[in-house]
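Q: Mind having a look at this structure? Questions to follow.
Every number here is computed from the coordinates shown, using simple stated rules; none is lab data. Values in this document were obtained by computation on a predicted structure and should not be read as measured data. FYI the Cβ positions are ideal-geometry reconstructions off the backbone, even for glycines, and counts take in every protein chain you see.
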Amino acid sequence: MTHRHKTDSGVTTRDDLEARIEQCRTLILGSLDGLTEEQAREIVVPGRPSVLGVVRHTAYVEGVWFGEAITGRPRAELGLSVATANSWKTRKADTIASVTAHCREIHEHARANLAGLDLDDVVTGRHPRTVLSLYTHVLDELAWNTGQLDILRALAETR
């Protein structure tokens, strides 16, 4: 089934979802622009992740939902934290460049895994879901993280 906003718009629901996810990806990676490594890693709100940690987590989100859920491959095999709680934590070796590269790699894998799937297709990873459900879940998470990054970045810049 092809989902369309309006019959005359020519824009499919999938096109719209992909454009919105790409916009979030751009905003998320852009949140690191101009920050020093120290600013990116700094915990500016006690008990919360750093800017770099949130960006790292977004790769995890896409890796789980557009990787594990579609391919059935385990998280560790996909280069992801096994536990969600660890996805927010930066590693000593993490840098702005390495986290950005990891995100871009996950984005490419996501695009490849989604290619050829219809929104109504059901993937059977850990729990059966439609591809539409995956898109909307990831978009929701990325949008939330984008807002969180706006706040953390503003706080990091004022220190």
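Q: Which whole-percent values make up P(r) of the stretch 40-130 when all C-alpha to C-alpha distances are grouped in 10 Å steps starting at zero?
A: Distribution as computed: 17, 45, 27, 11, 1 percent.
Q: If you don't mind, there's one more thing I want to ask. By how many nm would the segment from A83 to E157 grow when fully extended, if each residue of separation counts as 0.36 nm and the alpha-carbon distance is taken off?
A: Values: separation 74, 0.36 × 74 = 26.64 nm, distance 2.99 nm.
The span from A83 to E157 would gain 23.6 nm if fully extended.
Q: Sticking with this structure for a sec: Taking the number of other C-beta atoms within 10 Å as the exposure measure, put H107, H57 in order starting with the fewest.
A: Least to most surrounded, the residues fall as H107, H57.
Q: Helix 96-114 sits at what angle to the longest principal axis of the chain, using alpha carbons and giving 0 to 90 degrees rounded to 10?
A: Taking Cα atoms only, the helix is inclined about 10 degrees.
Q: Taking only DSSP H segments of four or more residues, each worth -39500 (n - 2.57), what value at 222 nm results for the chain once the sum is divided by all its residues, to the nearest 500 deg cm²/dmol?
A: One gets -17000 deg cm²/dmol as the mean residue ellipticity at 222 nm.
Q: Express the relative contact order of the chain as a whole percentage, based on alpha carbon pairs under 8 Å and six or more residues apart in sequence. Present the calculation step by step, with values, prior to reporting the outcome.
A: On the way: 173 pairs, mean separation 49.3, N = 159.
RCO, the chain: 31 percent.
Q: Of the listed values (i) 1.00; (ii) 0.94; (iii) 1.06, identify the label whose number matches Rg/Rh (Cα atoms, Kirkwood Rh) calculated from this model.
A: (i)
Q: Taking Cα centroids, how far is the stretch 41-112 from the stretch 126-154 in Å?
A: With the stretch 41-112 and the stretch 126-154 each reduced to a Cα centre, they are spaced 13 Å.
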